[in-house]
1. Output the number of residues of region 454-468 satisfying the condition of being open to solvent by 80 Å² or more (accessible area, probe 1.4 Å), part of a loop (DSSP other than H, G, I, E, B) and touching a residue at least 12 places away in the same chain (Cβ under 8 Å).
2. Tally up the residues in region 461-476 that are charged (D, E, K, R) and modelled with pLDDT of 90 or more, please.
3. Give just the number: which of (1) free of Cβ contacts under 8 Å to residues at least 40 places away in the same chain; (2) open to solvent by less than 40 Å² (accessible area, probe 1.4 Å); (3) more than 22 Å from the chain's Cα centre (by Cα) does G394 not satisfy?
4. Against the definition (buried (at least 17 other Cβ atoms within 10 Å of the Cβ), within 28 Å of the chain's Cα centre (by Cα) and either at pLDDT below 80 or of a type in the set (D, E) (or both)), how does C218 come out, yes or no?
5. Determine whether region 517-535 contains at least one residue that is modelled with pLDDT under 90 and farther than 30 Å from W577 by Cβ.
6. If you scan region 510-537, which residues turn out to be more than 51 Å from the chain's Cα centre (by Cα) and open to solvent by less than 80 Å² (accessible area, probe 1.4 Å)?
7. Anything in region 334-376 that is open to solvent by less than 50 Å² (accessible area, probe 1.4 Å), farther than 19 Å from Y8 by Cα and of a type outside the set (S, T, Y)? List them, or say none.
8. Can you tell me how many residues within region 45-59 are crowded, with 18+ Cβ neighbours inside 10 Å and touching a helix residue (DSSP H, G or I) at 6+ places or on another chain (Cβ under 7 Å)?
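The values are calculated or read from the model by the stated rules, or taken from the named source; none is laboratory data. Since we're looking at a predicted model, the values are computed, not measured. Positions of Cβ are backbone-derived with ideal geometry, glycine not excepted, and every protein chain shown enters the neighbour counts. Protein only, heavy atoms only, side chains kept; ligands, DNA and RNA dropped before computing areas. Shrake-Rupley method; radii C 1.70, N 1.55, O 1.52, S 1.80 Å.
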Amino acid sequence: LRFRLAGYPRKHNEGRVEVFYNDEWGTICDDDFTLGNAHVLCRHLGFVAATGWAHSAKYGKGVGRIWLDNVNCAGSEKSIGDCKHRGWGNSDCSHEEDAGVVCKDERIPGFKDSNVIEVRKLLARVGSWVMSRMPQGVGQSGNSPWGFREAALAFLVVLPGGAPGDPRGREALSSPGRVAGDISAATGRAGRGSGLLSPHRLFTERQQLNYRLHSVSCTGTEVHLSMCSFEFYRGNSSAACGGGMPAVVSCVPGPLFATGNAHKKKQRQQQQQQGQPRIRLKGGARVGEGRVEVLKSSEWGTICDDRWNLQSASVVCRELGFGSAKEALTGARMGQGTGPIHLNEVQCRGTEKSLWNCPLRNITQEDCKHTEDAAVRCNIPYMGYENLIRLSGGRSRFEGRVEVAVGAGDGDQRRWGLVCGEGWGTLEAMVACRQLGLGFANHGLQETWYWDASNVTEMVMSGVKCTGHEMSLSHCQHHGASLSCRNTGTRFAAGVICSETASDLLLHAPLVQETAYIEDRPLHMLYCAAEENCLASSARLANWPYGHRRLLRFSSQIHNRGRADFRPKAGRHSWVWHECH
């Protein structure tokens, strides 16, 4: 059994309950529904418990079968199938009686998040490998129903021998049970779809193809291919698709993932032409995720999560250069923003090029609070950067000495080496943690003698200098083959401590402007300020305790917009009590 929450308006932890039974999604009737039923269903959905339930299709009427009626659970059952009910598909209800649940917003540890489209990693080079083997002139439409809308959603390569480096070979799409996962892998892994070339016979591949899907028909608004209508081939698939050919599509990564100076130069030119971006992601630990913020009237603000769904999230992801959305997050799951909440009830169809083209509502302050800020997790191209870096010696997978792979191209044997700790800091650690997929950088360490647990001793990278936005350490400035490291011992290798959450401090600038004033203060009242180096260096030459200093005084507020408490890097044992305090 599989379960999901659907309908609107709703938060991520509430909605109409839908159950997948006998290859079909259906609903549950609200007759005799109890909180015990809701507890069982919420646990199915990955939440610890239920806080309530809803009747009379509060979240909208479902479609399809009504699978269960007169359900009666005690609340402790492991499955809804263990509860008393009239039998699967036996119901006298209409969809006006669809039941919904409200779950406690606390996940069962280790449970995979709801509303996630699972993806399976495919090599990014599959598309270009196929295209390099296709004859010129490909792209003319055939008689197959496969078309350009389908191309925008995925790169689906059905090949008899598999792509180079794909260990699954001809079995990559061989079983119906695995098709959806592989298709959705293809879907969002490319940042933007670049022209589908409609079916064309692969003349270089004359082996028998095993087809599993046919009659795929998309509207173009789906976030992955398995949401389109399609049919499975039953029985002998080798004899299928007699009048058709294999579907092939080629995708290119978005501008964030472009490699080479030509791509980056073109990206800079586009940014100059378009001016300042009007949408961004904040608070996310990984590339392609975060709280959605929009620029309006020269001020950044957030979006309220009312009616926030995968279609609107996908428009945001594509506008930012990623693939489709794999999660539409509500309830400030990526931290609360500050400032205005600009938009509410964004209802994109999924085909828009920008969020600003979607139907939406400007809101007043009473409509929403920052506890309702919307966020996204996007599918991003699989570039393989995480395979070129690893950590060793740490107490957990989030910390350790940084080791990078060199000589991994042109058939060379890959070898692992260390990074010189000289000049290594927080910006470099940010890039390393991003490349590792481990989130934010808590510390960038220049000495790692206490993590000496690896047999890797060779220093292979030095002079690393990052801006903090790079996708890989190899994209940062470094000395290349001309290594220069004053301290070459393993104890001086670079290390990192990463974290999935971090604080994000923001000064409330308007308050500083509103409260600033000038004050002449006698020197005898400034001894503590002098001891703490809060005065200008010229104060040392003053005639203490006579005379005065002219000070700029103001109040300040510091907001933490992150998802972790702010704590000083120095531990309590190193704090010093100052008598002025």
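1. Here the count works out to 3.
2. Of the residues in region 461-476, 1 are charged (D, E, K, R) and modelled with pLDDT of 90 or more.
3. Only one criterion in (1) free of Cβ contacts under 8 Å to residues at least 40 places away in the same chain; (2) open to solvent by less than 40 Å² (accessible area, probe 1.4 Å); (3) more than 22 Å from the chain's Cα centre (by Cα) is unmet by G394, namely (1).
4. Details: buried (at least 17 other Cβ atoms within 10 Å of the Cβ): yes; within 28 Å of the chain's Cα centre (by Cα): yes; either at pLDDT below 80 or of a type in the set (D, E) (or both): no.
Judged against the criteria, C218 is not a match.
5. No - not one qualifying residue is present in region 517-535.
6. D520, R521, P522, L523
7. M334, G335, G337, G339, P340, I341, H342, E352, L355, H370
8. Final tally of qualifying residues: 3.
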